[in-house]
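Working notes, structure below.
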Amino acid sequence: MENEWAKTTIGEQVTLQRGFDITKKEQRLGSTPVVSSGGTKSFHDTATVKGPGVVLGRKGVVGSVYYIDEDFWPHDTTLWVKDFKGNYPRFVFYFFRWQAPLLSSLDVGSANPTLNRNHVHPAPTVWPKEDEQKAIAHVLGALDDRIELNRRMNETLENIAQALFKSWFIDFDPVIDNALADGKEIPQAFSEKAQARAALSDKRQPLPEEISTLFPDEFTYSDELGWIPKGWEKSPLGDEIDFATGPAFKSKDFSEQGVRLARGMNVKEGQFQWGENTRYWPKISKDLKKYELKSGDVLIGMDGSKVGKNWVRVSSSDLPCLLVQRVARLRPINTVGSTLLEVLIGGEMFKRYVENVKTGTSIPHISGGQIKTYPIVNPRDYGMLFRKFETLFDAGGKKREENLTQTKLLTKLRDILLPKLLSGELRIPDAEKMAEKLAL
């Protein structure tokens, strides 16, 4: 098939142009993405380029590639495709994704990685006709679209769970509603919220009675916690979980395959990042059995600039897997289930808590003791509400796990197809059969 494609150079097919400088201070409130070498980090009220477009990392992050549907502002740290020369834009995006190793190898920076367009343009390549470009982009794009759909669906499920958790266990909205309904006195700290909820009472969907009756209709004051629902109390997170950290694994003993190691660099903001950072251990020996992870475990990276933000819930598709040093494993044992635990650790309050207690400057870190002493407000009847919350979001949690598992399969398939399609090694009908068979 490669012989059917034209031998050419990158510069004969597209023209790259350096982006436009703009500082954060110069940016005005707007919806136009400002695309830097690290992706879209901010927005502006003015675009300099009509979409769709393709942007390459030029400075700082060399080898990054972004496809932008809308009008955008390519930052000075990027190169953007000024002229597609009649080629299909989304194919060009996948072409540069395929060429990411080449782009990285063309780095001419010393202290700061830098890509020069004059070094990219002469690079030889093979190039298909437009109909083949569209077919390739369609196959790869369908996989990426499904991956993005799964991401958005999971984000929505997470946001719903976080919103309900905040309403029940932070803002105490049902307690306020019960107090209003029963004519009980409401503390001054909640008076403004109570007035707002009373004004909207006819428009709000009330909680089912089986749930609302689990909440009290009064507040009590605590010197340590302020106003909390009557009968509730503070307890450390450590009382509700089985806590562990892993051992140190020597890199010289890593294997080519076997059992994954859940290292800090794999635990990233709500999901595992495996890929090239995956490291394996030959097997789970008897002495390592206690470090074997289970589906539903929640992990927290204990070191690094994003300590407190790097966490993940283990799914069945991540197993078998072993816990590693400086990664905390939280396993539910009492009333706080996996879903509630995930919401707790992924919420803003836990992040703020970590910001307050973390130590270290060059490498911030949090201790196991600090994680276990994280205070939670425990409902009366020792967790009836916790269990109800878990039940409500059990289906959502399972759906999220299904989406994550499917996304891993789709990503693997896309990464297999990408080089084969872009090099001309694999024909479209064969690629479509692979996608249909392996991706659903």
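The values are calculated or read from the model by the stated rules, or taken from the named source; none is laboratory data. No experiment lies behind these values; they were computed from the predicted model shown. Here the Cβ positions follow ideal geometry from the backbone for every residue, glycine too, while neighbour counts run over all protein chains shown. Note: areas computed on protein heavy atoms with side chains; ligands, DNA, RNA excluded. Shrake-Rupley method; radii C 1.70, N 1.55, O 1.52, S 1.80 Å.
In the range 312-319 there is no residue that is free of Cβ contacts under 8 Å to residues at least 12 places away in the same chain, basic (Lys, Arg) and open to solvent by 10 Å² or more (accessible area, probe 1.4 Å).
Here the range 326-364 is the region considered, the condition is being surrounded by fewer than 15 Cβ atoms within 10 Å (Cβ to Cβ) and among the polar types (S, T, N, Q), and the residue that is nearest to Lys250 (Cα to Cα) is Ser362.
Comparison of Glu276, Glu269, Glu218, Glu224 shows that the only residue that is over 27 Å from Ile345 (Cα atoms) and out of contact with any Leu (no Cβ under 6 Å at 6 or more places or on another chain) is Glu218.
Sub-6 Å Cβ pairs linking a first residue in the range 170-198 that is among the acidic types (Asp, Glu) to a second residue that is outside any loop (DSSP other than H, G, I, E, B), at least 6 apart or interchain, are Asp173/Ser167, ordered by first then second residue. Residues in the range 5-16 include none that are part of a loop (DSSP other than H, G, I, E, B) and either out of contact with any strand residue (DSSP E or B) (no Cβ under 8 Å at 6 or more places or on another chain) or among the polar types (S, T, N, Q) (or both).
Residue count for the range 168-215, restricted to those that are open to solvent by 70 Å² or more (accessible area, probe 1.4 Å), under 18 Å from Glu390 (Cα atoms) and part of a helix (DSSP H, G or I): 2. Taken over the range 399-436, the criterion of being of a type in the set (Lys, Arg), over 23 Å from Thr125 (Cα atoms) and open to solvent by 70 Å² or more (accessible area, probe 1.4 Å) is satisfied by Lys399, Lys412, Lys433. For Glu276, the criteria (1) modelled with pLDDT under 90; (2) out of contact with any Asp or Glu (no Cβ under 7 Å at 6 or more places or on another chain); (3) within 25 Å of Leu237 (Cα to Cα) hold in every case but one, which is (3). Of the residues making up the range 256-278, those that are over 17 Å from the mean Cα position of the chain (by Cα) and either exposed (fewer than 12 other Cβ atoms within 10 Å of the Cβ) or of a type in the set (Asp, Glu) (or both) are Glu256, Gln257, Glu276. When restricted to residues that are within 23 Å of Phe165 (Cα to Cα) and out of contact with any helix residue (DSSP H, G or I) (no Cβ under 9 Å at 6 or more places or on another chain), the range 229-256 contains 3. Inside the range 76-90, residues that are under 10 Å from Arg18 (Cβ atoms) and not hydrophobic (A, V, I, L, M, F, W, C) make up a count of 4.
In the range 279-287, the condition of being open to solvent by less than 60 Å² (accessible area, probe 1.4 Å), at pLDDT 90 or above, within 20 Å of Glu256 (Cα to Cα) and in contact with a Leu (Cβ under 7 Å, 6 or more places away or on another chain) is met by at least one residue.
For the range 241-252, the criterion of being at pLDDT 90 or above and under 30 Å from Val175 (Cα atoms) is met by at least one residue. Of the set (1) out of contact with any Pro (no Cβ under 7 Å at 6 or more places or on another chain); (2) open to solvent by 80 Å² or more (accessible area, probe 1.4 Å); (3) not basic (Lys, Arg), all apply to Trp227 but (1).
For the range 282-330, a residue qualifies if it is closer than 16 Å to Lys268 by Cα and of a type in the set (Ser, Thr, Tyr), and the qualifying residues are Ser305, Ser315. Exactly one residue out of Gly63, Gly39, Gly30 is in contact (Cβ under 8 Å) with a residue 40 or more places away in the chain and either within 24 Å of the chain's Cα centre (by Cα) or over 17 Å from Tyr94 (Cα atoms) (or both): that is Gly63.
In this structure, Lys134 does not satisfy being open to solvent by 60 Å² or more (accessible area, probe 1.4 Å) and either of a type in the set (Gly, Ala, Ser) or under 13 Å from Asp217 (Cα atoms) (or both).
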